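The block underneath contains the structure these notes are about, expressed in structure tokens.
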Amino acid sequence: MSDLSLLERGYSQGLPDVPRISLVGLDDATWTDLINLAVSERTVGLLAHAAQLDLIEMTEDQRDELVARHEEAMRLCLVLERAALEVLNTFAAAGIDARLLKGAAIAHLDYPDPSCRGFGDVDVLVPSSGYEEAVRLLVAAGARRRFQEVRPGFDKRFGKGVCMLRPDGVQIDLHRTFVAGPFGLSIDLNELFEQFPVVRLGGVDIPVLTREHRFLHACYHAALGDESPRTTALRDVAQLILRSDLDLVDARRTARRWRAEAVVARAIQLAWNKFGLTASSEVAWAQNSRPTRFESRSLAAYVGPNRSYARQMTAGVHAVRGFSAKVAYVRTLVAVSPDYARIHDGGYRRRLSRAWASRPRRG
Amino acid sequence: MSLSPVVANDDVLIRAKAALWRAGEFGVVVLAPGAASPVILEGTGSDLWELLARPSTRQELVLSLAKRFFEDVSVVDTDMSPVLEQLLYLGIVETQP
């Protein structure tokens, strides 16, 4: 077993049929590489929890370092949770109906102990109607945008959201939807606000997504979010299926409505492959699932060598509902703000040619 | 002169509602409301934190810890006084009426 797959076995501890592993034979340099990788992937908590349950055999020195790194990771999580409370209190006071997403919510609600699941920023979902006010409130509190908006008003109507950096260094990912591009545009966003489960943080009930919506968000993040899927997102997918009361049938039904069953299928396959999990009915469904035409051409914008933000934006045309909305969307793609074009694409003409060249083919 | 409050035997103590915390093999890290950074509770501090999940008088806490560690009550009482006072001062623990 390679050192990397050994680590992946470490990440999968606590899931069914995963054999105990030993890190005792690793030389110091390899151990250092592995623990640094775990820190950067924010998976130290998974290893620490497994070590505590004696599912990973380690030397005393390895154990000491793991414990120290775990403490560092958890200190950061507390600072981020407080930031999340501040942001959500501000939004609530302004009448914005927000939901805490991903790390902080999943850590408390879907893992046996929140110290298993690390995270590095704060993710908050707001409805489109409250999006601009939410940005304004964050800016008023001293935060600044990390990236320019494609064009004024674009994010509120078509965008995924915005990364905001607070003066204390905490990053707030303000979401309007789960991902950029077609799969983000085909989600029925109103559904995400229909129910009101909560997580209790610092004595305050904070609204979150339902378990099925949390699972779907984890799938979008795992299957589409990064070129190399994030370990935490993949573990969230496996964790929710194998160690929670997730109603997978209901989640798949929702995914079908959102034209994203292929996203769920891809996330499940990636998670099972990553952690070497035993094949199950979920995997059989994922392997036999056939993407629709919309799903195939949309997936091509997120996955593979031609993945790019410009391609996702262009592919989004097919998901925008209504003729006038489509026209507005296309107009935005070819008439971006000069600032955005300068920073992201090296100029208007280059952006135009890129958008055109990356247009999905009919077929 | 100490800024720490004095904890009476019949004071009912509990974790501060607004405190954020995580437990692990390292102990317990707790972020008090308004604090710049988390503090760590190690050793018997972790046990104390566990007991403070429920409202307890100082006397109950002392007895529980003494029983848990097979230690003399008077020794635990002496050791715990400054710890509890510090936790109250930091806002990690609060008294209940």
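The values are calculated or read from the model by the stated rules, or taken from the named source; none is laboratory data. Everything numeric in this text was worked out from a predicted model, so none of it was measured. So basically every Cβ, Gly included, is an ideal-geometry build from the backbone, and we count neighbours across all protein chains shown. These area figures cover heavy atoms from the full protein model, side chains too; ligands, DNA and RNA do not enter into them. Shrake-Rupley method; radii C 1.70, N 1.55, O 1.52, S 1.80 Å.
Per-residue ellipticity at 222 nm, computed for the protein assembly as shown from helices alone with -39500 (n - 2.57) per DSSP H run of at least four residues, works out to -15500 deg cm²/dmol. Counting, for every residue in A:68-74, the Cβ atoms of other protein chains within 10 Å of its Cβ and taking the mean gives 5.
In the context of the full set of protein chains, residues of chain B present 55 Å² of accessible surface per residue (probe radius 1.4 Å, heavy atoms only). Between the listed residues A:103, A:93, A:50, the Cα displaced farthest toward the positive end of the dipole of the stretch A:23-109, a dipole computed from Cβ unit charges relative to the Cα centre, is found at A:93.
Spin-label model, residue A:290 to residue B:60: label points 7 Å out along the Cα-to-beta-carbon direction sit 6.5 nm apart.
Pairs of Cα atoms in the protein assembly as shown fall into 20 Å distance bins, from 0 up to the last occupied one, in shares of 22, 50, 24, 4, 0 percent. Taking amide H as placed 1.01 Å from N in the peptide plane, the amide H of residue A:179 sits under 5 Å from that of A:184, each at least 5 places away or on another chain.
Let a ≥ b ≥ c be the square roots of the eigenvalues of the Cα gyration tensor of the stretch A:188-260; is it rounded (a/c under 1.5), or, if not, prolate (a/b larger than b/c) or oblate? Oblate, since a/c reaches 1.5 and b/c is not below a/b. Peptide packing: for A:33-45, A:78-90, A:296-308, the average count of neighbouring Cβ atoms within 10 Å per residue gives the ranking A:78-90, A:33-45, A:296-308, highest mean first.
When the square roots of the Cα gyration tensor eigenvalues are ordered a ≥ b ≥ c, the ratio a/c for the stretch B:1-71 is 1.5 or more and a/b does not exceed b/c, which makes its shape oblate.
Could you work out the relative contact order of the stretch A:180-315, using alpha carbon pairs under 8 angstrom and six or more residues apart, expressed as a whole percent? Relative contact order of the stretch A:180-315: 27 percent. For the protein assembly as shown, the fraction of 1.4 Å probe accessible surface lying on carbon and sulfur atoms is 50 percent. Normalising the average separation of contacting C-alpha pairs (under 8 angstrom, six or more residues apart) by the number of residues puts the relative contact order of the stretch A:1-93 at 29 percent. Computed over neighbours whose Cβ is under 12 Å from that of residue A:192, the net charge equals -2, Lys and Arg +1, Asp and Glu -1. Ranked by the mean number of other Cβ atoms within 10 Å per residue, highest first, peptides A:206-214, A:8-16, A:59-67 order as A:206-214, A:8-16, A:59-67.
For the protein assembly as shown, lysine pairs separated by 8 or more sequence positions, or belonging to different chains, with Cα-Cα distances below 30 Å total 8. Residue ranges A:21-28, A:319-326 sort as A:21-28, A:319-326 when ordered by packing (mean number of other C-beta atoms within 10 Å per residue, highest first). Buried accessible surface for the B/A chain pair comes to about 1600 Å², total over both chains, computed with a 1.4 Å probe. Here the contact order of chain A, divided by its residue count and restricted to Cα pairs under 8 Å and six or more residues apart, works out to 15 percent. Distances between placed amide hydrogens fall under 5 Å for residue B:12 paired with B:96, all partners being 5 or more residues away or on another chain. With a simple spin-label model that places each label point 7 Å from the Cα along the Cα-to-Cβ direction, the separation between residue A:145 and residue A:248 comes to 4.1 nm. Only beta bridges with both residues in chain A are counted; by DSSP, about 65 percent of them are antiparallel. Just going by the charge dipole of the stretch A:181-268, with Lys and Arg at +1 and Asp and Glu at -1 on Cβ, which of A:187, A:262, A:206 is farthest out on the positive end? Selected residue: A:262.
By definition, a body whose alpha carbon gyration tensor gives a ≥ b ≥ c is oblate when a/c is 1.5 or more and a/b is not larger than b/c, and the stretch A:181-330 fits this oblate description. Normalising by residue count, the stretch A:112-245 has a Cα convex hull of 138 Å³ per residue. Look at the stretch A:107-116: the mean tally of other chain Cβ atoms within 10 Å of its residues' Cβ atoms is 2. Residues in chain A average 44 Å² of solvent-accessible surface per residue, probe 1.4 Å, ligands and nucleic acids excluded.
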